[in-house]
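Let me begin by presenting the structure, written as structure tokens, before commenting on it.
The values are calculated or read from the model by the stated rules, or taken from the named source; none is laboratory data. Keep in mind that this is a model prediction, so the values were computed, not measured. Note: ideal-geometry Cβ built from the backbone for every residue, glycine included; neighbour counts use all protein chains shown. These area figures cover heavy atoms from the full protein model, side chains too; ligands, DNA and RNA do not enter into them. Shrake-Rupley method; radii C 1.70, N 1.55, O 1.52, S 1.80 Å.
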Amino acid sequence: MIKAINLQKSVPVADGTLEILRGISFEIKQGDTAAIVGVSGSGKSTLLGLLAGLDTASDGDVVIDGQSLGHLDEDARAALRAAKVGFVFQSFQLLPALTALENVMLPMELAGHTGALERARSYLERVGLEQRLAHYPSMLSGGEQQRVAIARAFASNPQILFADEPTGNLDTKTGEKVIELLFQLNRSEGTTLILVTHDERLAARCQRRFLMESGDLVEST
């Protein structure tokens with residue numbers, strides 16, 4: 001489903017070049033779960049951005065469902081993301097002026113999907129928020145906001161879901177519920193799940209675990 005081929009990322013700095021990623025290659029199959037762990041500054045989020053087509057590599061390529069990102073311009077990458085990719089962020093990234101229902105509907109409407117209202121309502125019910133449809137983000141707890149974000153990500157039926165520290169702003173009990181929800185939906189939808197996390201509980205639930213260290217990626221057994 002997703003393949004990284006000799007991915008490299010470097011940026012110019014005052015005294016030369018900073019290498020953020022150093023020739024990373026791996027492949028994740030459809031429906032698999034994978035965690036990328038490592039200390040802050042090791043390159044995890046940079047790698048996630050490249051895999052999702054949010055950033056471009058200095059060298060190498062990413063292939064999603066047979067499509068090379070390196071051969072696409074920004075508009076084409078955006079179209080591929082809309083069709084195949086979902087996101088869950090640590091900071092939730094909900095629009096404050098929209099209700100929970102409207103936040104989940106919006107990406108589907110922008111992508112031209114039919115039945116956005118019914119599908120958004122269904123996924124909010126699946127994450128236990130059927131009583132919160134008309135609530136704005138400011139009226140929701142952190143755990144409820146993250147559940148809205150998860151419903152929004154899965155409602156568009158992505159083939160790949162990227163999650164960047166999805167439990168990072170949650171307490172332990174709420175984080176456990178969010179972890180269970182992510183994996184329940186992964187199993188029921190067959191979505192490929194790739195996580196960046198410091199949370200070893202979350203990483204331990206994944207079928208594969210990768211350690212990012214100083215720009216290098218090594219799979220743990």
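How far is helix 74-84 tilted, in degrees, relative to the longest principal axis of the Cα atoms in the chain, given as a value from 0 to 90 rounded to the nearest 10? Relative to the chain, helix 74-84 is tipped by roughly 50 degrees. Legend: residue pairs 9/84; 44/173; 9/177, Cα-Cα distance threshold 28 Å; pairs beyond threshold, 9/177. Shown here: the stretch 51-155, whose C-alpha atoms stretch 47, 28, 22 Å along the first, second and third principal axes, sorted largest to smallest.
Can you pull out the trypsin sites (Lys or Arg not before Pro) in the stretch 78-125 whose DSSP state is coil and whose Cβ has at most 16 other Cβ atoms within 10 Å?
Answer by residue number: there is no such site.
A quarter of the convex hull surface defined by the alpha-carbon atoms of the chain gives 12.5 nm² as the mean projection. Using the 1.4 Å probe convention, the accessible area of the chain works out to 47 Å² per residue with neighbouring protein chains retained.
Nonpolar atom fraction for the stretch 90-129, defined as the carbon and sulfur part of the 1.4 Å probe accessible area, stands at 54 percent.
A protection proxy built from the mean count of other Cβ atoms within 10 Å ranks the segments 38-47, 135-144, most packed first, as 38-47, 135-144.
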